[in-house]
Amino acid sequence: MSWISRKFHNMPNDSTAKAFCMATLVGVTCALTVSATAVLLKPQRQANQEAFRQQRMDTMLSSLPGLKDVLQNSDADTLQSLFIDLNTGTAAEPAQIENFKAQALTVSDNSNAEIYTLALDDSIDIAGIEQRPNLIEVHLLQKKGVLDLLVLPIYGRGYQSTIRAWLTLSGDLNTVVALSVFEQAETPGIGARITETAWQQLWAQKQLHNENGDVALSVVTGKATNANEVDGISGATRTGLGINSMIQFWLGDYGFAPFLDKLRTGEIPMRAS
Amino acid sequence: MTYWRRYLFEPLLNNNPITIQMLGICSALAVTTNLKTALTMCIAVIVVLTVSSGIISAIRHHIPSSIRLIIQITIIASMVIVIDQILQAWFFEISQVLSIFVSLIVTNCLVMGRTEGFAMHNDVVPSILDALGNAAGYSLILIFVASIREILGMGTLLGIPLLPLAEHGGWFEPMAFMQKAPSAFFIIGLLIWGIRSIKTEQVEPAKITLHNTPPVSATSREGGS
C-alpha cells in the first residue's frame, strides 16, 4: 500500500495518469457518499411523502363544499378505500391486494413484474409513465347507498417532473368536484402554480365529457371557452399539456374507463347503508 | 491572530459577495420571499461552501489543473445532493419550497468563486474561515432582503404577524409587489447605494463617459448568477 501511495505522491500533477487517478478517486468517493445518504435516508423520505399525500387528501376532502356536513351526518366509514383491478375494472380480490402490497415492499424482485404492472408501449403511454400498476387505490363517498364522490389518483409527466394529483368526480361521474395536486417539481412561480388554490378552484363544476361522450376535460392556453376547459397558466403551457395527457390516459381504456363503465351500469354495486 | 479575523469579517461588509462581488444574485432573488426559506438557504450555502472549501483545500496539491473545475464541481454537487436529501428527510415542508434552489447551489457563482479563487491556493484553515465569512456575508444580505420582503409583502416575520392586516380590520395593506422577484433587485440596489454612500471607498471609478453628459458611475463589475 505504501508503495502505491508513494508512487501516487511522486506522480507529476499535470500527467494524464494523475488526472485519471484523481478523477477516479474523487468520482468514486463522491458517488459512495451520495449513494449512502440516499439509501440511508430513503425510509424517512418515503414516510414524509406518504404523510404529505394523506394530508393533501384530507385537506381536499375537508375543503369540498358540503362534505363536512355529509361526514358528520353519516357514519364515519362512508368514505371507503377500494383497490380496483385496472385491467378488468372490478374491485380487486383480497388475495390480489395482499400480493400487490407485498410486491411493493420488495421492489428489487422484478422476476414476475408483469403480474403487478403493465408495461406501456410508446403509442399508449401518453402520460409518460412507462408502466402502470395493475391495482390502484381509489376512494368513494356514498350517501345513503348512492355514490356521491369518487376520488381517483392520476399522475404523469409534466414539464420537468412527475405530477401527482387527486381528481374528484361527483356521483354522476362527469362533473369535476376538485383537482388537487399533491406532488410536483415544476418551475417555481410558473408551472408550480398548479398547486395554488386559486387555480385548482377553476376545476370545480367542469365537465369530464363533451357532447359526443369523449373525455374532453383539458387545460387550454388562455381563457376557457366551454364547460370542458380550464384556464391555462401563462408561461406553463407544457405543464398544462402534461396534465391533459394525464387526464386522457387515466380516464382512457388503460386507466379508469373500464371501472367507470362498470360503476355507471351498476355492475359494481354500491353497498347499502 | 488578526489574519483569521480578516478572512472571517472582511466579507461581511467590506468585501461582501453580493454587494461588492455581485455573486449569487439569482438565488438572492428567488429565496427571499420570506425569512424562513432564506434562513434555510443560508444554512445550506454555509454548510456546502465550508465543507467543499475545506475538502478542496486539503487535496489542492493533488488536483491537476486541467481537470480542477470538474473536480470542484463534483465535490460541490455531491455536498448539495447530501444537503438536499437531509432537507427532504427531516425538513420536508421547507424542502418542498426550496428543493430546486438548493440544487442550484451547484451553479451559485459564490461557491465556485470561493473554491476556485481561494481554496485552491490556501491552507485548510484559512479556506474554511474564508468560506464561513463569505457564506455569512451572503446570508446577511439574504436575511436583510427577506425580512423587508416578508414584512412589507405579508405583514409577518417568520410567520408571526407584525403589522395589522387590512383584511382583519387593521391599517396595513400587503404590497404584493414585494413577493415578486424584481422587488429584491430594488432592495439590493438600494442597499448597495446605501452602503456605498457610507463607505465611499467602495464606489468604483467610472468606466465610461458619454459625450456631452456628466460622467456616469458604471457599476458593471463582472458578476454572475
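Quick look at the values:
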| read-out | value |
| --- | --- |
| Charge dipole (debye, nearest 20) of the protein assembly as shown; +1 at Cβ of Lys and Arg, -1 at Cβ of Asp and Glu | 1920 |
| Efficiency of FRET between B:LEU13 and B:SER65 - r from beta-carbon atoms, R0 25 angstrom, step 0.05 | 0.15 |
| Dipole axis of the protein assembly as shown (+1 Lys, Arg; -1 Asp, Glu on Cβ), positive-most option in B:PRO11, B:MET22, B:PHE177 | B:PRO11 |
| For chain B, alpha-carbon Rg and Dmax in angstrom | 19.3, 65 |
| Anchor A:LYS18: lysines whose Cα lies under 24 Å away (excluding residues fewer than 8 positions away in-chain) | A:LYS7 |
| Shape call, region A:130-254: gyration tensor on alpha carbons, a/c limit 1.5 | prolate |
| Full-extension gain in nm, A:ASP253 to A:GLN131, via 0.36 nm per residue minus C-alpha separation | 42.5 nm |
| For region B:23-70 versus region B:75-107, the gap between their alpha-carbon centres in whole angstrom | 12 |
| Charge dipole magnitude, Cβ of K and R +1, D and E -1 - chain B, Cα centre, debye nearest 20 | 360 |
| Theoretical FRET efficiency, 1/(1+(r/R0)^6), r = Cβ-Cβ of B:ILE160 and B:PHE91, R0 30 Å, to 0.05 | 0.95 |
| Approximate shape of region B:38-157 as ellipsoid semi-axes (Cα gyration tensor, √5λ), whole Å, largest first | 28, 16, 11 |
| Accessible solvent surface per residue of the protein assembly as shown, calculated while the other protein chains remain in place, 1.4 angstrom probe, Å² | 53 |
| Percent carbon-and-sulfur accessible area, the protein assembly as shown, ignoring ligands, DNA and RNA, probe 1.4 Å | 61 |
| Excluding exposed DSSP-loop trypsin sites (Lys or Arg not before Pro) (at most 16 other C-beta within 10 Å), longest clean stretch of chain B | B:1-179 |
| Calculated FRET efficiency for the pair A:LYS42/A:PHE20, C-beta based, R₀ 35 Å, to 0.05 | 0.60 |
| 222 nm mean residue ellipticity, helices alone, for chain B (DSSP H n ≥ 4; -39,500 (n - 2.57); rounded to 500) | -18500 deg cm²/dmol |
| Kirkwood Rh, angstrom, the protein assembly as shown [1 / mean 1/r, Cα pairs] | 26.8 |
| Cut-off 13 Å between beta-carbons: net charge of the residues surrounding B:PRO11, Lys and Arg +1, Asp and Glu -1 | +1 |
| Neighbour-limited loop hits for GluC sites (Glu not before Pro), region A:187-245 (at most 14 other Cβ within 10 Å; DSSP other than H, G, I, E, B) | A:GLU196, A:GLU211 |
| Convex hull projection area averaged over all views, region A:2-44, Cα basis, nm² | 3.7 |
| Region A:1-58 versus region B:157-192: alpha-carbon centroid distance in Å | 42 |
| Loss of accessible area when B meets A, both sides summed, Å² nearest 100, probe 1.4 Å | 1900 |
| Residue (of A:THR37, A:PHE83, A:ALA19) at the positive-pole extreme of the protein assembly as shown, dipole from beta-carbon charges | A:ALA19 |
| At least 40 Å² of accessible area lost relative to the chain alone, listed for region B:97-124 with a 1.4 Å probe | B:ILE100 |
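The values are calculated or read from the model by the stated rules, or taken from the named source; none is laboratory data. All values reported here derive from a predicted model rather than from experimental measurement. Methodologically, a virtual Cβ is constructed for each residue, glycine included, from the backbone with ideal geometry; neighbour enumeration extends over all protein chains shown. Note: areas computed on protein heavy atoms with side chains; ligands, DNA, RNA excluded. Shrake-Rupley method; radii C 1.70, N 1.55, O 1.52, S 1.80 Å.
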